[in-house]
Amino acid sequence: MLGWYLRLVARTARIGPMTREQAVLTFWHEYNLALFVVASARRGDLPHASFTTATLRGTVIRTLFESLARGPVEVLPLPDERDAAAARTLSRRLGDLGASGYSLVVTPDGPWGPYRVAKPGALIVARQSGLPILPLAVRARPAFRLARRWDRQLVPLPFSRISVVAGDTISVGPREPLRGLVSWLQRSLDEVTGRTDA
C-alpha cells in the first residue's frame with residue numbers, strides 16, 4: 001500500500017530537478033519517503049544501492065526501493081554493529097557496486113537515530129567507493145510529518161510540490177581519516193536542511 005501511495009504521489013506531484021550524477025546520495029532519514037518519490041521520477045532508470053536492517057522496517061524499505069525503481073537496485077542487509085568483519089564486507093560490497101556504476105544511498109542518522117546526528121557510514125562508503133558525497137534535503141508542500149516517529153518522517157501529499165536542495169560535494173581519499181569529516185558532513189546536512197526548513 002505504501003508503494004502504491006508513493007507511486008501516486010510521484011505521478012501527481014510537481015517535482016523539481018535532481019542531479020543524475022553518480023554519487024553517494026546522503027540525506028537525513030526523515031526524507032526517505034520523499035526521496036523515493038523524487039528518485040522514482042528523476043533517477044528511477046539509474047542503478048542505486050543501499051543497505052537496511054533485517055527487520056520489518058528494513059523489509060519495507062527494501063520493497064519500496066525495488067518496487068519504485070526501473071533500473072538495477074541492490075539493497076544489502078546491515079550487519080550487527082558489533083560485527084566488524086561483516087561491516088567491512090558490507091563496505092567492500094558497496095564500494096564494488098559504486099565502482100561498477102551504482103549510486104549509493106546513505107542516511108547518516110539511520111536506522112534508529114539519534115535524529116539529525118551524523119554517523120560516519122556515508123564517509124566510509126564514499127572512501128571505499130571513491131564516489132563523492134552529495135548532501136541532500138527535501139522540501140514538500142503540502143506534506144505532513146509522522147511526529148511520533150523518531151525521525152519525524154516527511155510524507156508528501158498527492159499533487160504536492162517537491163524540490164530537492166543539494167549541498168557541495170566532498171571527496172574522501174582512500175586513506176583519509178574520517179574523524180574531522182563527520183563534523184563536515186553534519187554541517188553540510190544541517191545547511192541544506194536549514195534551506196528546506198526555512
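Positive-end ranking of A23, W4, A99 along the dipole of the chain, with charges on Cβ about the Cα centre, is headed by W4. Given +1 at the Cβ of Lys and Arg, -1 at the Cβ of Asp and Glu and no other charges, the dipole of segment 1-68 around its Cα centre is 180 debye to the nearest 20. For the chain, the solvent-accessible area of protein heavy atoms averages 50 Å² per residue (probe radius 1.4 Å; ligands and nucleic acids excluded).
Roughly what angle does helix 2-12 make with the longest principal axis of the chain, taking Cα atoms, 0 to 90 degrees, to the nearest 10? Helix 2-12 and the main axis of the chain meet at about 60 degrees. When the residues E191, E21 are ordered by accessible surface, computed with a 1.4 Å probe over the protein chains alone, the sequence from largest down reads E21, E191.
Local charge sum around L25 (other residues, Cβ-Cβ under 13 Å, Lys/Arg +1, Asp/Glu -1)? Every neighbour counted, the sum reads +2. Between the amide H of K119 and those of D109, distances stay under 5 Å, these residues lying 5 or more places away or on another chain, with hydrogens modeled in the peptide plane. If R0 is 22 Å, the Cβ-Cβ spacing of R195 and Y115 corresponds to a FRET efficiency of close to 0.75. Summing charges over neighbours of R141, with a neighbour being any other residue whose Cβ is under 11 Å away from its Cβ, gives +3 when K and R count +1 and D and E count -1. Extension gain for the segment T55 to S67, taken as residue separation times 0.36 nm less the Cα-Cα distance, is 2.5 nm to one decimal.
Considering only protein heavy atoms and a probe of 1.4 Å, how much of the accessible area of the chain is carbon and sulfur, as a whole percent? Show your work: numbers first, answer last.
On the way: 5600 of 9900 Å².
Exposed carbon and sulfur together represent 57 percent of the surface.
The C-alpha atoms of the chain define a longest principal axis, and helix 32-42 lies at about 80 degrees to it. Computed over the chain, the per-residue total of -39500 (n - 2.57) for DSSP H runs of n ≥ 4 gives a 222 nm mean residue ellipticity of -12500 deg cm²/dmol, rounded to 500.
Compared with the dominant principal axis of the Cα atoms in the chain, helix 56-68 is inclined by about 70°.
The values are calculated or read from the model by the stated rules, or taken from the named source; none is laboratory data. Note that the structure is a prediction, hence the values are computed from the model and not measured. Ideal geometry is used to build each Cβ from the backbone, glycine not excepted, and the neighbour counts take in all protein chains shown. For accessibility, only protein heavy atoms count, side chains too; no ligands or nucleic acids. Shrake-Rupley method; radii C 1.70, N 1.55, O 1.52, S 1.80 Å.
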